[in-house]
1. Å³ per residue of the Cα convex hull, for region 111-220?
2. Where does each of Ile91, Ile45, Ile206 land when they are ranked from fewest to most other beta-carbon atoms within 10 angstrom?
3. Which of the trypsin sites (Lys or Arg not before Pro) found in region 153-190 are in a DSSP loop and have at most 12 neighbouring Cβ atoms, other than their own, within 10 Å?
4. Let me know the charge dipole size of region 137-284 about its Cα centre in debye, to the nearest 20, where only the beta-carbon of Lys, Arg (+1) and Asp, Glu (-1) is charged.
5. Take Cys269, Cys243 and order them by how many other Cβ atoms sit within 10 Å, fewest up front.
6. Using 7 Å Cα-to-Cβ label points, what is the Asp167/Lys116 separation (nm, one decimal)?
7. Using the 10 angstrom Cβ neighbour count as an exposure proxy, how do Ser77, Ser265 rank, fewest first?
8. For a quick check of your reading of the filter: which GluC sites (Glu not before Pro) in region 70-131 sit in a DSSP loop and have no more than 11 other Cβ atoms within 10 Å?
Amino acid sequence: MHVFINISTYLFAPLNGLAELREQLRAVCRVGELKGTIMLSPEGINLFVAGTRENIDILMNALRGIPGLENLTPKESHSDTQPFRRMLVKIKKEIIAFGVEGIDPAKRTSKKLSAKVLKQWLDEGKAITLLDTRNDYEIRMGTFRGALPAGISHFRHFPGAVQKLPDNLKHQPVVMFCTGGIRCEKAGPYMEREGFQNIFQLDGGILKYFQECGGAHYDGECFVFDRRVCVDSALQETNSASCFACQMPLTPQEQKDARYVKGVSCPFCIGQPARQSHDNLQLD
C-alpha cells in the first residue's frame, strides 16, 4: 500500500502579500509533516509536495482559499517513501525562471492540446513537430519518439535555442511539451512572439499524458525533481538513480559503470565540481 501522495501543480495568477502567505503555508506544511518545495511569486505558484492523503488535502484546501488559486488542480502520483528531504517555501521573481520580459501566462498562453488529442494525432501520423523544451539531462532519460530536443541545460537558455530552429517550423504545427506543462506556458508565447504561427502546448505535460494515455509513442522514463529520480508511464518509481556529486540521472546500465561510486561520483562528473541537490533544481 502506498503511503505518500505526491502532488505537483502550478498556476499563473497575480499574488500579493507573499511574505505573509509564505509563513501561512510553512505552518500548514510543518503541522502536516509535508516535504517538498513551494515557490511563490507575484506571477503565481509552483509546487511539488508529498505527504499523507489527509495532510495533502489540508494543504490543497488552504491553497484554494487564497484569492486567485481557487482552481488549483494538482497531478498526483504515489510512492512508498517520502521523495523529498525537507520542506521549502520560497519567494521568487518567477515561478519558473525564464528571464524574458513581457511574457505573462496569466493573461495569455499558446493553444493547449490535451493528452488524448496528442495521442490521436500521433496514432494518425499527423504531420507535426514535437518540441521537447526540457533540459538535456532530463531528455536523456526518455522523451516522445521522434521529438526534437531544445538542446539546453537550463530553461533560461531556451530563447537562444529558438533562434537556432529551422525557419520552416514557423509555418508548421509545433507541439511543445515538458514534464508538467509549466515551461511551455512561457515558451509558447515566446515562440509566437518570434514568428512561429502554429504553436500548441501539451496540457499537463508528460505526467498528465502518462496519466491519461500511458506510454504510447513515448520511449523511456520521465525525470522528476525529487528522490524518485524518474517515473515510468504508470507513474511508478523506476530503478534509475542520481549521482550524489553531480545529480545526473543514471540508468541501471550506467550504474554498473566502474566509474560510478554510489555517494561519490559517476562517469559524468569525474573531476567536475558538484551540482546542487534535486530539491534545489529548477521545478517543472
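Just so it is clear, none of the values below were taken in a lab; they were calculated from the coordinates. Being a predicted model, the structure only gives us computed values, none of them experimental. Neighbour counts are summed over all protein chains in view; Cβ atoms, including those assigned to glycine, are modelled from backbone coordinates with ideal geometry.
1. Numbers: hull volume 9.5 nm³, N = 110.
Convex hull volume per residue, Cα atoms: 87 Å³.
2. Numbers: Ile91 14, Ile45 23, Ile206 28.
Ascending Cβ contact count within 10 Å gives the list Ile91, Ile45, Ile206.
3. Numbers: sites: Arg156, Lys164, Lys170, Arg183, Lys186; in loops: Lys164.
Answer in residue order: Lys164.
4. Numbers: 15 positive and 16 negative charges, 83 e Å.
Once rounded to the nearest 20, the dipole reads 400 debye.
5. Numbers: Cys269 18, Cys243 23.
Listed from fewest to most nearby Cβ atoms, that is Cys269, Cys243.
6. Distance between the two pseudo-spin positions: 4.1 nm.
7. Working: Ser77 22, Ser265 18.
Lowest to highest Cβ neighbour count: Ser265, Ser77.
8. Details: sites: Glu70, Glu76, Glu94, Glu101, Glu124; in loops: Glu70, Glu94, Glu101.
Those that pass, being in a loop and sparsely packed, are Glu70, Glu101.
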